[in-house]
Amino acid sequence: MSNIVQFKADLLPYSAQFKTVLPKGPKGIDVDKFINTVVGAVQANPTILECNRSTIYSACQKAAQDGLILDGREAALVKYNSKAGPVCQYMPMVRGLLKKIRNSGEVSFVKAEVVCQNDEFSYNPGVDEIPSHAPDWFEKDGERGDMIGVYAVAKLKDGNYDVEIMSFKEVEKVRGKSKSGSDYNTGEAKGIWKEWYNEMAKKTVLRRLEKRLPSSSDVESVIRHDNEDYDLSASQEKPPEKPEVKTKTRAAEIIEAETIDIEHEDIPI
């Protein structure tokens with residue numbers, strides 16, 4: 001606890017910098033609330049204090065610039081190892097990205113959902129405006145089955161919809177590019193990808209969809225900061241593929257058949 005108290009004391013001199021960039025007005029964020037949330041995030045994950053302090057302060061500054069709270073839902077502080085030692089990185093989460101897209105005023109509705117093996121799912125591009133998705137909430141023992149895909153839907157101000165669908169394998173490919181996503185030796189999910197895989201999958205498909213939405217400087221800032229988690233130069237072993245199930249459900253067939261294959265610039269996210 002003494003380390004947390006000292007950290008808060010060290011963080012307070014940055015209040016003026018945070019206050020300058022935090023959003024103002026009705027949707028603004030109070031600087032004291034922001035600092036208390038940062039302290040709470042570090043208290044929940046004390047290993048952050050092992051990171052180079054300048055990287056912690058820099059991560060907090062970027063979160064303040066984007067107007068996201070570091071509460072693990074809108075955004076999070078993530079530790080990863082570098083050649084220079086442990087460093088801290090600010091990572092926008094799916095709720096934070098949804099918040100910025102909604103606040104941009106460019107869309108009237110946006111959501112992202114995970115599709116599981118036992119869900120009912122159908123989507124016929126060019127015919128259906130949006131996917132039809134019926135999770136089996138009351139499946140025996142509450143099991144919806146393994147995640148087989150993820151999709152995002154946005155309704156534009158003109159009333160038109162835009163849809164993005166990704167298979168599990170596509171999400172795994174993106175995770176392989178994340179500096180905080182894979183264990184180097186096993187290729188298995190680690191850290192925030194292990195603890196919140198579904199949320200990271202939702203954010204991944206939202207990032208793809210956002211490329212086609214009307215531009216917003218606030219959203220672009222969040223994406224730019226989130227890009228710092230992805231290392232294209234890293235040579236990592238291909239992560240092991242998820243074991244195939246013996247019986248392929250209708251939802252699985254649709255996700256695999258109708259995943260939209262689009263060429264993306266820079267990184268496949």
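Taken together, the values in this text are just the output of simple stated rules run on the coordinates, not laboratory data. On a predicted model such as this, the values are computed, not experimentally measured, just so you know. Note: ideal-geometry Cβ built from the backbone for every residue, glycine included; neighbour counts use all protein chains shown.
Of the three principal axes defined by the Cα atoms of region 21-91, the extents in descending order read 42, 20, 18 Å. Separation of the alpha carbons by more than 20 angstrom is noted, of 111/155; 8/79; 83/179; 100/203; 19/79; 27/211, for 19/79; 27/211. Packing here is the average count of other Cβ atoms within 10 Å per residue, and on that basis the peptides 190-201, 60-71, highest first, run 60-71, 190-201. Taking the average, over residues, of other Cβ atoms within 10 Å as the packing measure, peptides 122-135, 207-220, 148-161 rank 148-161, 207-220, 122-135 from highest down. Rounded to 0.05, the FRET efficiency of the residue 111 and residue 21 pair, given R0 = 35 Å and the Cβ-Cβ distance, is 0.75.
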